[in-house]
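Worksheet: one structure, shown below.
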Amino acid sequence: MSFKTKTILLLITLSLIPYVITMIILGKAYRSDYESRLKSDMNHQLLITTDRLDQSLEILENDLRFIASLDIMNDVLTDDLDRRIFKLLSMKKEDMDLIGSFDVINTESIIVASSDTERIGKASDGENFMRIPLFSTFDQSLLGGLLVNYDLVNLSRLFSNDTHLRYSLYDTSLTSGEVTYPENQLIVKRTLQNRPELTVLLEQDYDFAFAVLDKLASSFYMTLIIGTLLITAVAYATANYILKPILLLSNTANTITRTQDYSKRVTIERTDEIGQLSLAFNSMISGMQQMLVRLNEESENRIKLAEEKNRSEMLQNLSTKLSKYLSPQVFNSIFSGERDVTLSSSRKKLTIFFSDIVDFTGTTDKMESEDLTQLLNHYLREMTDIALKYGATIDKYIGDAIMIFFGDPDSQGLKEDAKLCVEMAISMQNRVRELQSEWQANGYIKPFSIRAGIHTGYCTVGNFGTENRMDYTIVGSAVNLASRIESNAEPGNVFISEDTFLLVRDTFDCCPATSVTPKGFSLPVKLFKVKMEDDAQILSINEDGLQLIIDKARITEETRKQLRGVIDNMI
Amino acid sequence: MRVVFFIISILAQVPLLAVSDYVVVVSKNSTVEALDSDMVRDVFLKKRNFDGHTRLLPINLIGEKPVRQEFESSVLKMNREAIKRYWVVNHFQGVSPPPTQASLQSVKSFVEKVKGAIGYLPREMVDDSLRIIYEF
């Protein structure tokens, strides 16, 4: 069922509800109420009527009592010889237009006077409507009675009957108290106060009584039919008026959905809610159109961004991988743009550090290549960590040897760079001593020690190679000298040149070592040995048939006793 | 002359005394015997209601009939105007005039039937059922 049909039906239903309620009220509640009102009105009329009848009977009785009190009634004693009572009664009967007769009886119940002369001399039958005793006016002795033969017509003629309201009088004493009431009538009844045996009925035809209601109902039915037709027409027009623009909106929306043409608009020249809806619809479509444009632009941007991100991530990955092959300082200076990746170099005074593993070939000869790789990587990682900690520039790894320099690309100053370099070398030696215990614990029979040499001198630093393959490094005699110093250094110690010594002597305790004339140098070079803080604390012997490491700082008294015992037993 | 006149007047009196036309009567069963003029007058003016233990009930003839005129002039000794004034005064004192009957026959019948009733009639209407207690 379409919304239009629903709207029409709803409007018709809503419009018919008052009719239906009115009809129900008229049909039941109001009809019942109306009947009560009718009966109430009829009761009121009946009360007036019965009061009139009662009053009439009362007047009759009073009249009779008055007549009975007259002197003329003494004529009963003379059998109304002069017809004076007869004349009086006849006159009274005529005055009252009585249907019936007045009789006067003597004490023997013989009618001595009557308004009906034929009754004179007859005995009274004793059934009289009303009987007033007669007393003589002179001694109040009972003379007889004044009777009324009263036809009920005398009362019923007082009724003001009309076509639809009918009174009737019932003498229940004659009907044994049972009265058959007419059917299909509105009936009210009332007994006379003075004559309880007399009941007055007031009846009215149902058809007449409810004629007004029936007429009203007919009018309502006619109005209902006409109203329903009008309401249907109005509902149809209203539904059209309401729904036509909505259908237009719906069709436009469908067209836009089908064609994706967001330039379409709805034109409804109205200022009501529907007009506002169409404006809102147009505004929404306009918004959607703009939003689609933005979405397209944004989508393109996002695609670009995603591509850039991918490229950036790829570059990031590449640079991360690449950073492994470069010193962090070099890497950072290149990637931050501080340094151009061009074949260029500069002359700088740097502090150069060389180290290598003592008897690396001999030590690792018997090792499996996996163990060797693991051991070497462990060693290099540890040393690299220390170098980075001190801000060194790791130039390259040459097998087991490490080449490091301070002063480029970052420099703390020449002296400070030299101090940091010596300090780094001491840390490396100390760390190697610690590692020796770990390596031994891990099953490496001959844990190696390292030599370290340091020299400070001018070098050429920069990118060397070709445009396609270049290397950031340092070259110069200072580099060679540093390498020579390292090769002449004692295992487990740090040897420095005099140039370096002059820079760090305030900080480190150094002692002169043997001078050497390195290959390629014409003059001997004076070497200094840096005193290690824990030289006296750690004893390390690694000879054929003897491998011994003693850390005095960590050894306990009990261990010391065990060591003495072992040495005594062995030697 | 005086003697003649006296005789004539005496003679003139004889027929009147010997033949009165109207009489006051009661029922023959009544205990009332004879009444004098004043007593009859008092009864009909209701100044006297009893004769011994018998309650007296005077009956008047209604209208302007000759017997009533004669009774009022001869016995009551009052004209109609005086009688009317009398009963108006007495009416307000609670005394009503005597009941009436329309005819002499009714008066006779009434007197016959009602104990203590006393009425006046022409003499010729008197029979055995009645007793004359006064003549006028």
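Some points to look at:
- Residue within region A:371-386 that is under 60 Å from the mean Cα position of the chain (by Cα) and either loosely packed, with under 14 Cβ neighbours inside 10 Å or among the basic types (Lys, Arg) (or both) present: yes
- Residue ID - farthest from the other protein chains (Cβ to nearest Cβ), chosen from residues in region A:54-71 that are touching a Ser or Thr at 6+ places or on another chain (Cβ under 9 Å) and assigned to a helix (DSSP H, G or I): A:SER69
- Of all residues assigned to region B:23-31, at least one qualifies as being away from chain A (no Cβ under 14 Å), in a loop (DSSP other than H, G, I, E, B), in contact (Cβ under 8 Å) with a residue 24 or more places away in the chain and crowded, with 19+ Cβ neighbours inside 10 Å.
- The one condition in (1) more than 14 Å from chain A (Cβ to nearest Cβ); (2) exposed (fewer than 14 other Cβ atoms within 10 Å of the Cβ) that B:ASP42 fails to fulfil: (2)
- Test for A:SER136: is it under 27 Å from A:SER69 (Cβ atoms), loosely packed, with under 15 Cβ neighbours inside 10 Å, within 14 Å of chain B (Cβ to nearest Cβ) and among the small types (Gly, Ala, Ser): no
- Search result, residues across region A:257-274 that are in contact with a helix residue (DSSP H, G or I) (Cβ under 8 Å, 6 or more places away or on another chain) and surrounded by 10 or more Cβ atoms within 10 Å (Cβ to Cβ): A:ASP261, A:TYR262, A:LYS264, A:ARG265, A:VAL266, A:ILE268, A:ARG270, A:ILE274
- Region B:63-103, residues that are buried (at least 18 other Cβ atoms within 10 Å of the Cβ), under 15 Å from B:TYR120 (Cα atoms) and within 13 Å of another protein chain (Cβ to nearest Cβ): B:PRO98, B:PRO99, B:THR100, B:GLN101, B:ALA102
One line per residue, one yes/no per condition, for (1) exposed (fewer than 15 other Cβ atoms within 10 Å of the Cβ); (2) at positive phi; (3) under 60 Å from the mean Cα position of the chain (by Cα):
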position: A:GLU127; (1), (2), (3): yes, no, no
position: A:MET130; (1), (2), (3): no, no, no
position: A:LEU155; (1), (2), (3): no, no, no
position: A:PHE159; (1), (2), (3): no, no, no
position: A:HIS164; (1), (2), (3): yes, no, no
position: A:TYR170; (1), (2), (3): no, no, no
position: A:ALA211; (1), (2), (3): yes, no, no
position: A:GLY227; (1), (2), (3): no, no, yes
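- Within region A:501-535, restricting attention to residues that are under 17 Å from A:ALA425 (Cβ atoms), touching a strand residue (DSSP E or B) at 6+ places or on another chain (Cβ under 9 Å) and not hydrophobic (A, V, I, L, M, F, W, C), the residue that is surrounded by the fewest Cβ atoms within 10 Å (Cβ to Cβ) is A:ASP509.
- Test: residue in region B:119-131 that is within 13 Å of chain A (Cβ to nearest Cβ), buried (at least 18 other Cβ atoms within 10 Å of the Cβ) and within 12 Å of B:SER27 (Cβ to Cβ): yes
None of the figures in this text is laboratory data; all of them are computed from the coordinates on show. This is a predicted model, so every value here is computed, not measured. Here Cβ is always computed from backbone atoms with ideal geometry, including for glycine, and neighbour counts include all displayed protein chains.
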